[in-house]
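Beneath this line is the structure, given in structure tokens, with notes to follow.
What follows draws every value from the coordinates through simple rules; no lab data is involved. Being a predicted model, the structure only gives us computed values, none of them experimental. No Cβ is skipped: glycine too gets one built from the backbone with ideal geometry, and neighbour counts run over all protein chains shown.
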Amino acid sequence: MKDNMCYVKSFDIKKHNNGKCLIKLFMFNLVLLLHLTVSLGIVKLRDEKATHIDLTGIKGPYTYRNYCRIKSGELWWTEGEGGVGLTSPDGEGKEFQVSSTALNGIFFISPYKGWVVGDGGTIFYTDNRGEIWSQQDSGTKVDLSAVTCTDENNCWVVGKQGTILSTKNAGSSWIQLEPKTQEDLLSLSFVSTKNGWVVGDNGVVLETNDNGKSWQSYGKYLQTLNENSPYPNYRTQSPNFIFVKFIDKKKGWVATRDAVASTRNGGINWEIIHLETTLIGLAIHDHLHLVAVSLYGDNYVSNDGGISWQKRKTVVSK
């Protein structure tokens, strides 16, 4: 790293007869092996814990946890201690060593411009498709979880201890908002520069209509979400929300590790479905076509906006 800039590290790709690629990533002299299957937008990642993230057939754009597929088809993700990966629509892979700290969230507003956030208040930005990453001053040392933008200038970040950051200048400066919660925040969604949602642990579901100057809580409408969980140990706990996505002020979704809830009236009423898997987020193609992405590859697909779900490997396109 030099002058807060990070440059692409080297990597090797070896082709096999079965069409799979073994990508060798070099991270600060530690070799991390990722087995990737790349074909027509199909990407499967396997880490040292043998977890399996199956993104087969999931169209963009979408963002959840540490994955972001943009409309043009590129899939970006964070991996390991400070690594960022890119798979292009034609299957070409790249790996970038961005930071020495863990990166937890990623968002690209275009094929060239994107942000990553991570532990210790880390924020990096690129405007040349990942070739150079510039570190930005977040103003905090709190671990950051997720980032989103509505355009190339207006972005927001959430993190632990109720942290919400906002920028109006692509991250040249970040300001801290005050949501009046100390719970860890894990996901966010903004449909305009004024209207947005954040969710987190212990039932936190918050909305703002003035770019974070004030927040309204909707968690009370979802406090009983865990009562019908297929996992008994969840039933007596407050729901921990790992994902939120709204496509306008009225229509949106939130998710826990085993449930998806949808609203059509801005969070007043919710339809709740429990799924027998461990979720890491939702990939939302449009207002009807959704994928509940599982940690172990047994994804669920909805073609009616989240009212009903079927276990399946691919999205049914409109």
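Miscellaneous remarks
- Approximating the spin labels as points 7 Å out from Cα along Cα→Cβ, the N128-to-K113 distance works out to 1.7 nm.
- When the convex hull of its Cα atoms is projected in every direction, mean area for the range 200-250 (nm²): 4.2
- Eligible aspartates and glutamates near K59 by straight Cα distance, threshold 12 Å, same-chain separation 8 or greater: E74, D286
- Within the range 251-318, the ratio Rg/Rh, alpha carbon atoms throughout and Rh by Kirkwood, equals 0.93.
- Tail weight of P(r) past 21 Å, computed on alpha-carbon pairs of the range 58-311, percent: 55
- Cβ-based exposure ranking for D201, D286, in which fewest neighbours within 10 Å come first: D286, D201
- For the cross-link pairs K168/K194; K168/K245; K71/K168; K160/K194, the ones whose C-alpha atoms lie over 18 Å apart are K168/K245; K71/K168; K160/K194.
- Potential lengthening of the chain between E227 and K194 amounts to 8.5 nm, from the contour at 0.36 nm per residue minus the alpha-carbon distance.
- Values of log10 I(q)/I(0) for the range 88-150 across q = 0.27 Å⁻¹ run -1.24, by the Debye formula with one identical scatterer at each alpha carbon and no solvent.
- Sequence of H287, H274 once ranked by neighbouring C-beta atoms within 10 Å, starting from the fewest: H287, H274
- Loop sites in the range 120-222: GluC sites (Glu not before Pro), DSSP, at most 15 other Cβ within 10 Å: E131, E152
- A straight chain from S308 to K249 at 0.36 nm per residue would run longer than the Cα-Cα distance by 19.0 nm.
- Cα convex hull of the range 198-294 - mean projected area over all directions, nm²: 5.9
- Length available on full extension from N153 to L288: 0.36 nm per residue minus the Cα-Cα distance, which gives 45.7 nm.
- Nearby aspartates and glutamates by direct alpha-carbon distance to K311 (threshold 12 angstrom, same-chain neighbours under 8 apart not counted): E276, D298
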